[in-house]
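Report on the following structure.
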Amino acid sequence: MTLLTPGLALSALDLLRLLHRNALTASGLLSDLKRVGGMPSAEALSLSQTLNWLEVDGDGVLHPTPAGQRACSQGDYRLALRQVILDFADIVAPDWLQNATYGRSRVLAFAGPGIAQILVEAEVATGVADDVVEFWDLLASMARGYRDDRLLAIGRRGERLTLAHEEARTGASPRWIALDSNQDGYDVLSVKAADDPAPLSIEVKTSTVGTTGSMYITRKEWEQATDSPNHTFHLWDLKAPSPLLAVVDVAEMARHIPTDGGTGEWREVRVPFGTFTSLFNAVSL
């Protein structure tokens, strides 16, 4: 898709308004109208389709979707551009979106000149008016959802690898605890060995950036680890061509867990994957 710019955004909005007044098919639009709002009609059509602003009826005629109607009904130029950004972030989930959780200066620095200019013209690049703050809060909320979805997908990959590894190691089918509930403080329930059916709880941590990544251990996860008779941590490095696994026991992990002090109480700790570099090995699955 063509890079998003203020001109392209406004052309897509103009296209929606045009379709309110005229019955056009996609082919008719492209053949009869070369430009919309100063931009090639093909680019305006492409952006509108990307943002799910258009639908086609049984006769092939283009109509604005509810999302498209919402975008083009914004009477104020600034509000219309804000809606473009929000729809673009929601549908496309561009790389720059993750910066919204760190504040608008990060977005303006990393989003590229087209997006930055839209934000300037939408009058959200500066200022602290309530509507400006609300815009950035919405964008940050989208970013957190996108980031959480991505982290969940990465975590699930590691959990699946642990399930396969444990079945190969023990000959028994482990239970995927985290799939049913994330409140138990561990992810997989296996057994100690093929000849030892004692339960083994496993907390799985996964990195796609190798040993430069970090894991986060919550207090609940640590309490589960220390309360369980048999518990271990599986650390998966997915950066390598083939997955690498480090199996870390509770005693080894304990060296990197903080203690409470005074009235203070720790809730979460970050531990670098690189701490356990020597423990990573290739596994056959």
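Side notes on the structure shown:
- Selection from the stretch 88-112 of residues that are part of a loop (DSSP other than H, G, I, E, B) and of a type outside the set (A, V, I, L, M): Pro94, Gly103, Gly112
- Residues being of a type outside the set (D, E, K, R), in contact (Cβ under 8 Å) with a residue 24 or more places away in the chain and under 29 Å from Leu97 (Cα atoms) - total across the stretch 134-177: 11
- Asp14 vs. criteria among the charged types (D, E, K, R) and within 22 Å of Leu119 (Cβ to Cβ): yes
- Residue that is farthest from Arg104 (Cα to Cα), among those in the stretch 133-150 that are at pLDDT below 85 and surrounded by fewer than 13 Cβ atoms within 10 Å (Cβ to Cβ): Asp149
Condition check ((1) in a helix (DSSP H, G or I); (2) closer than 30 Å to Val133 by Cα; (3) in contact (Cβ under 8 Å) with a residue 40 or more places away in the chain) across all residues:
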{"residue": "Ala9", "(1), (2), (3)": "yes, yes, yes"}
{"residue": "Leu30", "(1), (2), (3)": "yes, no, no"}
{"residue": "Gln49", "(1), (2), (3)": "yes, yes, no"}
{"residue": "Asn52", "(1), (2), (3)": "no, yes, no"}
{"residue": "Arg70", "(1), (2), (3)": "yes, yes, no"}
{"residue": "Gly75", "(1), (2), (3)": "no, yes, no"}
{"residue": "Leu86", "(1), (2), (3)": "yes, yes, yes"}
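- Checking each residue in the stretch 1-36 for being in contact with a Cys (Cβ under 8 Å, 6 or more places away or on another chain) and among the hydrophobic types (A, V, I, L, M, F, W, C) picks out Leu13, Leu16.
- Residues located in the stretch 118-133, provided they are acidic (Asp, Glu) and touching a residue at least 40 places away in the same chain (Cβ under 8 Å): Glu121, Glu123
- Sole exception among (1) within 30 Å of Leu86 (Cα to Cα); (2) surrounded by fewer than 18 Cβ atoms within 10 Å (Cβ to Cβ) for Ser207, by number: (2)
Here is a yes/no grid of residues against (1) more than 32 Å from the chain's Cα centre (by Cα); (2) closer than 28 Å to Ala122 by Cα; (3) of a type in the set (A, V, I, L, M, F, W, C):
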| site | (1), (2), (3) |
| --- | --- |
| Leu24 | yes, no, yes |
| Ser46 | no, yes, no |
| Asn52 | no, yes, no |
| Asp57 | yes, no, no |
| His63 | no, yes, no |
| Cys72 | no, yes, yes |
| Tyr77 | no, yes, no |
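- Test for Trp266: is it within 17 Å of Gly185 (Cβ to Cβ) and in contact (Cβ under 8 Å) with a residue 40 or more places away in the chain: yes
- Residue count, the stretch 118-132 (criterion: crowded, with 16+ Cβ neighbours inside 10 Å and not in a helix (DSSP H, G or I)): 4
Residues are listed down the side, and each one gets a yes or a no for (1) of a type in the set (Asp, Glu); (2) within 20 Å of Trp236 (Cβ to Cβ); (3) surrounded by 15 or more Cβ atoms within 10 Å (Cβ to Cβ); (4) touching a Ser or Thr at 6+ places or on another chain (Cβ under 8 Å):
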residue: Ser173; (1), (2), (3), (4): no, yes, no, no
residue: Trp176; (1), (2), (3), (4): no, yes, yes, no
residue: Asn182; (1), (2), (3), (4): no, yes, no, no
residue: Leu189; (1), (2), (3), (4): no, yes, yes, yes
residue: Asp196; (1), (2), (3), (4): yes, no, no, no
residue: Thr211; (1), (2), (3), (4): no, yes, yes, yes
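- Residue match in the stretch 108-117 (condition: touching a Gly at 6+ places or on another chain (Cβ under 6 Å) and either in contact (Cβ under 8 Å) with a residue 40 or more places away in the chain or among the hydrophobic types (A, V, I, L, M, F, W, C) (or both)): no
The values are calculated or read from the model by the stated rules, or taken from the named source; none is laboratory data. As the structure is a prediction and not an experimental result, all values here were calculated from the model. Methodologically, a virtual Cβ is constructed for each residue, glycine included, from the backbone with ideal geometry; neighbour enumeration extends over all protein chains shown.
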